[in-house]
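S.K.: What follows is a single structure, and I will ask about it in a moment.
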Amino acid sequence: MTIFTCGISPNDIPESKEEIDIELSKIEHLAKENDKVLAIGEIGLDYYWNTENKELQKYAFKKQIEIANRLNLPIMIHTRDAIMDTIDIIKNTIFVKPGIFHCCPFNKDLVNEGLKKEFYISFAGPVTFKNSKNAEEIVNMVPLNRILIETDSPYLSPEPNRGKRNDSRNVVFIAQKIAEYKKMTIEEISRITYQNAEEVFGIK
């Protein structure tokens, strides 16, 4: 079964609101006409790579949330070096469907705000990194019915394969680390995160 998400990443934002609107009309048409589109994303804010177009990023982010709401779809959020602006948008927005914080940063305020909105929190390779600050604390903030795991392929390979090209074979190491933090078995975490993915994407 082929399924996918669609959206404009904050790292691919056009240079004007008019151009953004044109591209977003294409995104909305694609998502509306194709039942294999399960979410709008990844969307959000990235001030690590782009600092000159913050207002355009926020505009595109909000507009894509509106599209998701109109189509009754979840969103997948990317945020990097933009925690406060992301929190501000999430806090002041109504969501028809809970979304996902993709490769979620280990920030307590961000996770708290996401959980208030019943978002799912998705963890990738950094949860296994020896130098990841407060990873265990963040994982244990997230209730089992709101936790997801992912690869973020081809980036962020987990330990013990850090630095190598990432792929789905590595997700087992993420599941194992979360199981360790949650004091559960990897089988339990695998089952729970699979069920959560089915739930958020509506693929039961």
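S.K.: Just checking my list (1) 1.23; (2) 1.00; (3) 1.05 against Cα Rg over 2.2 N^0.38 Å computed from this structure; which label fits?
M.R.: From the options (1) 1.23; (2) 1.00; (3) 1.05, the structure gives (2).
S.K.: Can you give the calculated 222 nm mean residue ellipticity of the chain, where each DSSP H run of n ≥ 4 adds -39,500 (n - 2.57) and the sum is split over every residue, rounded to the nearest 500 deg cm²/dmol?
M.R.: When only DSSP H runs of four or more count, the value is -13500 deg cm²/dmol.
S.K.: Something else now. State the number of lysine pairs found in region 35-145 whose Cα atoms come within less than 20 Å, restricting to pairs 8 or more positions apart or on distinct chains.
M.R.: 23
S.K.: Relative contact order for region 56-204 using alpha-carbon pairs under 8 Å, separation at least 6, rounded to a whole percent?
M.R.: Worked out over region 56-204, it gives 18 percent.
S.K.: Then there is this: What FRET efficiency comes out for T2 versus I94 if R0 is 30 angstrom and r is the Cβ-Cβ distance? Round to the nearest 0.05.
M.R.: Working: r = 31 Å, r/R0 = 1.04.
With a Förster radius of 30 Å, E is 0.45.
S.K.: Another question about this same structure. Measure off 7 Å from each Cα along the Cα-to-Cβ vector at K36 and N131, then give the distance between these two points in nanometres to one decimal.
M.R.: 4.1 nm
S.K.: Can I ask one more? Report ³J(HN,Hα) in whole Hz for each residue of region 103-117, in order, from the Karplus equation J = 6.51 cos²θ - 1.76 cosθ + 1.60 where θ = phi - 60°; Gly and Pro get x.
M.R.: For region 103-117, the Karplus-derived couplings read 6, 4, x, 8, 10, 4, 5, 5, 5, 4, 5, x, 5, 4, 8 Hz, x marking Gly and Pro.
S.K.: Related question: Calculate what fraction, in whole %, of the accessible area of the chain sits on carbon and sulfur atoms when a 1.4 Å probe is rolled over the protein chains.
M.R.: Its accessible area is 49 percent carbon and sulfur atoms.
S.K.: Please turn the phi angles of region 180-185 into ³J(HN,Hα) values with the Karplus equation 6.51 cos²θ - 1.76 cosθ + 1.60 (θ = phi - 60°), one per residue in order, whole Hz, x for glycine and proline.
M.R.: Calculated HN-Hα couplings, in order: 4, 5, 8, 6, 10, 8 Hz.
S.K.: Now a separate question. Taking only Cα atoms, what is the 0 to 90° angle, nearest 10, from helix 17-33's long axis to the longest principal axis of the chain?
M.R.: Rounded to the nearest ten degrees, it is 60.
S.K.: Here's something else I'd like to know. Hey, what angle do you get for helix 186-201 against the long axis of the chain, alpha-carbon based, 0 to 90 degrees rounded to 10?
M.R.: 10 degrees
S.K.: Post the alpha-carbon centroid distance, region 61-112 to region 143-188, in whole angstrom.
M.R.: Comparing the Cα centres of region 61-112 and region 143-188, I get a distance of 22 Å.
S.K.: With a 1.4 Å probe and every protein chain left in place, work out the accessible area per residue of region 157-204 in Å², rounded to a whole number.
M.R.: Working: 3010 Å² over 48 residues.
I get 63 Å² per residue for this part.
S.K.: Let me ask something additional. Once you mark the GluC sites (Glu not before Pro) that are in a DSSP loop and have at most 11 other Cβ atoms within 10 Å, what is the longest gap between them in the chain? Before the final figure, lay out the partial values.
M.R.: Working: sites that count: E15, E52.
Answer from the scan: 53-204.
S.K.: Within region 142-160, find all residues whose amide N lies under 16 Å from a label point positioned 7 Å from the Cα of M184 along Cα-to-beta-carbon.
M.R.: Inside the label zone: 142-150.
The values are calculated or read from the model by the stated rules, or taken from the named source; none is laboratory data. Please read all numbers here as calculations on a predicted model, not as lab measurements. For neighbour counting, all protein chains shown are included, and Cβ atoms are generated from backbone atoms with ideal geometry for every residue, glycine included. Quick note on the areas: whole protein, heavy atoms, side chains included, nothing else; ligands and nucleic acids left out. Shrake-Rupley method; radii C 1.70, N 1.55, O 1.52, S 1.80 Å.
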